[in-house]
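The values are calculated or read from the model by the stated rules, or taken from the named source; none is laboratory data. Source: prediction; values computed, not measured. Cβ placement follows ideal geometry from the backbone for every residue including glycine, while neighbour counts extend to all protein chains displayed. We work out accessible area using only protein heavy atoms, side chains counted, and drop any ligands, DNA or RNA first. Shrake-Rupley method; radii C 1.70, N 1.55, O 1.52, S 1.80 Å.
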Amino acid sequence: MNVGGEGLLAPARSAADLSPLEWKFSQVFGERTAGEEVQEVDIISAIEFDRTGDHLATGDRGGRVVLFERTDTKDHGGHRRDLERMDYSISRHPEFRYKTEFQSHEPEFDYLKSLEIEEKINKIRWCQTANGALFLLSTNDKTIKFWKIQEKKVKKVCEMNVDASKSVENGAVGSLSASSKPSLANGVCKERPISSPSNDNSIPSGGLPSLHLPVVVTSHETSLMARCRRVYAHAHDYHINSISNNSDGETFISADDLRINLWNLEISNQSFNIVDVKPTNMEDLTEVITSAEFHPTHCNMLAYSSSRGSIRLIDLRQSALCDTHSKLFEEREVPGSRSFFTEIIASISDIKFAKNGRQVLSRDYMTLKLWDINMDSGPVATFQVHEYLRPKLCDLYENDSIFDKFECCLSGDGHRVATGSYSNQFRVFGCSEGSTEATTLEASKNPMRRQVQTPSRPSRSLGNLPRVLRRGADNSGADANGNSFDFTTKLLHLAWHPTENSLACAASNSLYMYYA
């Protein structure tokens, strides 16, 4: 792939590195049995690895956040990064275990607008850790919450020092014979009823031997506690579609259809509007914001995508209100190719920066596009995700599937990209120079069962963009086994491990994990 200019996609790779990865099943959480009905609240709606890759968070439509932690690196007696420095080969594949879960959002009702606000988690973003605690942001359509998850040692009552003959544990009254005397909660036995009058308030010499304070000790057991530290609310008139942390560790952005707000993590009652695309007359509205993300290293830069297929890069140093963009990335329309569905399928549902910040990956309905931020003339690579759907766009429009929002992700080294499709399938493409990788896998215990390996082939030149590579076209309407595709099962959410070739995919209420 000849990308030219300053924005090289990736350094040259050996032939072994360019060969397609062989993906293997690792784990599944929440696997369905045959014929089991899935509850709507259990469907996974967000998924995110933390920066180390040692923790994974998922959110569902029931407003819950579930955390998983990696376990296979702990068995080697050292931190994974330390072992890598020693050139120590970890032979075991990544393994995660359930860590904890908590209810992040509850259903609400906006009485002023007569609008029901569902509890579904739209996005999760990990924040910087501190003092052994985990921090993350979660959001539904209207409210963002900042969570702290920390292990706390369990305190237990070790010894009550109460006279066993007069009471039992924790002051509960023991079984009494007919001739026994009544005992009080603290173990003291009195001869006369409590209500009987008495002027004898004296304490026996030597005190009350059966009255002692309980001994509370801190045990070695720990319990995970999730506590909401901040609630960022009442800043969006429209549904929040994105949140993104800044590299400065202090601020983050939230985006809805028309506005992007900048927040400080420590201040929940104030935000700054930095992008506003709302026209004076709403009839003049031509596009909406679909996704937004901060640059991974430059705290002053962020990008946002639109429903018309464009990506805008803005610089916060230029202006407090970023009405104008620094760069605009969009693909020129091929003459004669316009149809009723052109604008609908051009809408970008997700964007992700590469780890090095040099590329931006975008996902529209039909394709993945890789952009170099130094080259705004067009994408440096285009990957066809499910080209076989093009003849079926009318049917997909009728059942609203054409509005499905698929996410995308990049590998930590930037040499591969991935995204989901229908029939619980996902696709992995190689984007290194010379790579022909275009693999189709299924979210199941046998990911290669429905594999369709498609050789890459350069397309004809599009206008003045001869450097574009279009790859992965698959025009068949059935999989390798001849089965028709199922448009009711879709893999919308997936995440790539930040340092290894490991993928986490959400298929309905099940979380599948793969490694290569």
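It is to be established whether one or more residues within segment 178-186 are at pLDDT below 80, of a type in the set (Ser, Thr, Tyr), touching a Cys at 6+ places or on another chain (Cβ under 6 Å) and more than 24 Å from residue 254 (Cβ to Cβ). Taking every residue of segment 178-186 in turn, at least one turns out to be at pLDDT below 80, of a type in the set (Ser, Thr, Tyr), touching a Cys at 6+ places or on another chain (Cβ under 6 Å) and more than 24 Å from residue 254 (Cβ to Cβ). Between 317, 358, the distinction of being open to solvent by 50 Å² or more (accessible area, probe 1.4 Å), basic (Lys, Arg) and over 30 Å from residue 495 (Cβ atoms) belongs to 317 only.
Scanning segment 478-497 for residues that are at pLDDT below 95, of a type outside the set (D, E, K, R) and touching a Lys or Arg at 6+ places or on another chain (Cβ under 8 Å) gives 480, 481, 483. Within segment 236-249, the residues that satisfy the criterion of being closer than 13 Å to residue 144 by Cα and touching an Asp or Glu at 6+ places or on another chain (Cβ under 9 Å) are 236, 239, 240, 241, 242, 244.
Surrounded by fewer than 12 Cβ atoms within 10 Å (Cβ to Cβ) and either at pLDDT 60 or above or farther than 30 Å from residue 349 by Cα (or both): is that true of residue 221 in this structure? When the stated conditions are applied, residue 221 passes them. Being charged (D, E, K, R) and buried (at least 17 other Cβ atoms within 10 Å of the Cβ) is the filter; apply it to segment 227-284 and report the residue that is farthest from residue 408 (Cα to Cα). Result: 230. Taken as a whole, segment 80-87 holds at least one residue that is basic (Lys, Arg), open to solvent by less than 30 Å² (accessible area, probe 1.4 Å), closer than 30 Å to residue 250 by Cα and at pLDDT below 95.
Taken over segment 368-387, the criterion of being of a type outside the set (A, V, I, L, M, F, W, C) and open to solvent by less than 10 Å² (accessible area, probe 1.4 Å) is satisfied by 372, 378, 379, 382, 386.
Please verify whether residue 319 is within 19 Å of residue 255 (Cβ to Cβ) and more than 29 Å from the chain's Cα centre (by Cα), treating the condition exactly as stated. Against the criterion (within 19 Å of residue 255 (Cβ to Cβ) and more than 29 Å from the chain's Cα centre (by Cα)), residue 319 qualifies. Just to verify a result, which residue in segment 305-314, among those that are without any contact (Cβ under 8 Å) to a residue 40 or more places away in the chain and not in a strand (DSSP E or B), is most open to solvent (accessible area, probe 1.4 Å)? Restricting to residues being without any contact (Cβ under 8 Å) to a residue 40 or more places away in the chain and not in a strand (DSSP E or B), the top hit is 308.
Considering segment 335-355, and only residues there that are without any contact (Cβ under 8 Å) to a residue 60 or more places away in the chain and aliphatic (A, V, I, L, M), the residue that is surrounded by the most Cβ atoms within 10 Å (Cβ to Cβ) turns out to be 348. Restricting attention to segment 500-516, the residues that are touching a Phe, Trp or Tyr at 6+ places or on another chain (Cβ under 9 Å), under 17 Å from residue 423 (Cα atoms) and not aliphatic (A, V, I, L, M) add up to 3.
For segment 58-66, the criterion of being outside any loop (DSSP other than H, G, I, E, B), over 19 Å from residue 490 (Cβ atoms) and open to solvent by 40 Å² or more (accessible area, probe 1.4 Å) is met by at least one residue. Looking at this structure, is residue 101 modelled with pLDDT of 90 or more, in contact with a Pro (Cβ under 9 Å, 6 or more places away or on another chain) and not in a helix (DSSP H, G or I)? No, not satisfied. The set of residues from segment 408-438 being open to solvent by 20 Å² or more (accessible area, probe 1.4 Å) and at negative phi comprises 410, 412, 413, 433, 436.
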